[in-house]
Every structure is written in structure tokens, then in C-alpha cells.
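Peer 1: Here's a structure for you.
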Amino acid sequence: MILVAAGASVPTRPAALNRITAIAYAIQAGQHQPGWSGGEIPYSWGGGHDEAPGPSFGTCQGYRGAIQPCPATRTRGLDCSGFARWVYHLAYGRDVLGPGNTDDHVRRLTMIPAAAARPGDLVFYGRVGKDEVSTHHVGVYVGRGRMINALRTGTEIRTDPVTVIEDLAGYFRYL
């Protein structure tokens with residue numbers, strides 16, 4: 001739905017935004033969602049990987065972030081794959097990405113050419129080859145070269161250009 005107000009400057013969303021991007025934008029805006037009462041959601045290493053998708057306390061296992069000591073076990077939030085998993089769970093009504101990290105999630109998706117990417121696809125970083133998958137980040141593509149993602153410790157869910165990380169592996173779609 002597009003709202004039009006005569007003489008007012010009202011932000012609108014393009015009509016083409018799909019359910020996935022609408023949910024990602026709502027989470028970024030801090031709107032209440034199942035499993036979250038509202039407000040900004042902080043990045044938490046390993047957050048979002050409880051049995052059910054959604055914000056959770058993270059883990060310090062494998063943490064190498066700049067903020068020391070590791071704050072994940074006392075921060076309820078999401079990491080990048082926990083965010084993607086929760087958005088897709090809310091959009092599809094079931095846990096289509098399942099547990100695991102970015103490597104596990106990319107294996108459940110189909111790679112698409114960058115020219116065919118559309119809002120709601122996932123954008124992964126690292127290496128994805130025929131015989132090797134080694135990824136380290138994922139975001140929800142929202143179009144115009146931008147993604148909503150959980151970037152790193154010390155940030156909240158936010159919008160960044162897809163070039164914020166250099167090793168773009170590609171765009172992927174759940175079919």
C-alpha cells in the first residue's frame with residue numbers, strides 16, 4: 001500500500017517491496033515481531049540460533065570481534081545468519097533456512113545472476129564454488145545495491161550498501 005499526502009513529505013515504500021523486505025524493514029525500524037517486543041535489535045555473535053528463529057543470547061565460541069571481552073552471552077540479539085533465518089521464518093511461516101550458519105544456509109538456496117537479483121533475495125559474502133562453500137556474512141537484499149543486515153558487534157540491524165564488504169559471493173533465492 002502506498003500512502004499519498006498532498007503537500008506533505010511522507011516516506012513511501014515502492015509497491016514492488018515483497019513480504020521478505022517488508023519484514024526486514026519492520027525489524028530494522030524496531031517494530032514488534034513474534035519473539036521481540038520492539039526496539040532496535042543489537043548484533044550478537046551467534047544470536048538467533050536457538051531452536052526457534054528469532055533474537056536470542058549469543059555465544060563467545062569462535063568470537064574474534066573488536067569489542068572485548070565478548071558481549072554476546074549477555075546481549076540478546078541476532079547475528080547475520082540469525083537475522084536472515086528469522087526474516088525468512090516470518091515470511092514463509094516456517095524455518096526454511098533451518099539451523100546453522102551462512103555456509104549451511106547458502107546450501108539450501110539457489111544462486112542467481114546479479115542482474116536477476118530482486119528484493120528479498122539473500123546476498124552472501126565469502127566463496128561459493130562447485131566444491132567449496134566458505135561464507136562469513138549474509139544480508140537481505142532490498143534493491144538498489146543495498147541490504148538490511150546484522151553487520152558486526154556494536155551495531156544494530158541496519159541498511160548498508162552491498163559493497164560494505166568486499167568479497168561478495170553472490171545472490172541467492174529460496175525456491
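Peer 1: In the range 144-156, is there at least one residue being of a type in the set (S, T, N, Q), out of contact with any helix residue (DSSP H, G or I) (no Cβ under 6 Å at 6 or more places or on another chain) and crowded, with 16+ Cβ neighbours inside 10 Å?
Peer 2: yes
Every residue, every condition in (1) of a type in the set (Gly, Ala, Ser); (2) closer than 23 Å to residue 164 by Cβ; (3) at pLDDT below 95, yes or no:
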{"residue": "56", "(1), (2), (3)": "yes, no, no"}
{"residue": "66", "(1), (2), (3)": "yes, yes, yes"}
{"residue": "74", "(1), (2), (3)": "no, no, no"}
{"residue": "99", "(1), (2), (3)": "no, no, yes"}
{"residue": "102", "(1), (2), (3)": "no, yes, no"}
{"residue": "113", "(1), (2), (3)": "no, yes, no"}
{"residue": "121", "(1), (2), (3)": "no, yes, no"}
{"residue": "136", "(1), (2), (3)": "no, yes, no"}
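Peer 1: So, residue 48, is that one under 23 Å from residue 28 (Cβ atoms), touching a Pro at 6+ places or on another chain (Cβ under 9 Å) and not in a loop (DSSP other than H, G, I, E, B) or not?
Peer 2: Here the answer is no, as residue 48 does not meet what is asked.
Peer 1: While we're on this one: Taking the options 142, 96, 87, 123, name whichever one is of a type in the set (A, V, I, L, M, F, W, C), part of a strand (DSSP E or B) and in contact (Cβ under 8 Å) with a residue 60 or more places away in the chain.
Peer 2: 142
Peer 1: Scan (1) in contact with a Ser or Thr (Cβ under 6 Å, 6 or more places away or on another chain); (2) crowded, with 23+ Cβ neighbours inside 10 Å; (3) among the hydrophobic types (A, V, I, L, M, F, W, C); (4) more than 17 Å from residue 172 (Cβ to Cβ) for the single condition residue 78 breaks and write down its number.
Peer 2: (1)
Peer 1: Which residue out of 66, 116, 72, 169 is among the aliphatic types (A, V, I, L, M) and closer than 22 Å to residue 19 by Cβ?
Peer 2: That would be 116, the only listed residue that is among the aliphatic types (A, V, I, L, M) and closer than 22 Å to residue 19 by Cβ.
The values are calculated or read from the model by the stated rules, or taken from the named source; none is laboratory data. Just so it is clear, the structure is predicted and the values come from calculations on it, not from any experiment. All Cβ positions, even for glycine, are placed from backbone atoms using ideal geometry, and neighbour counts span all protein chains on display.
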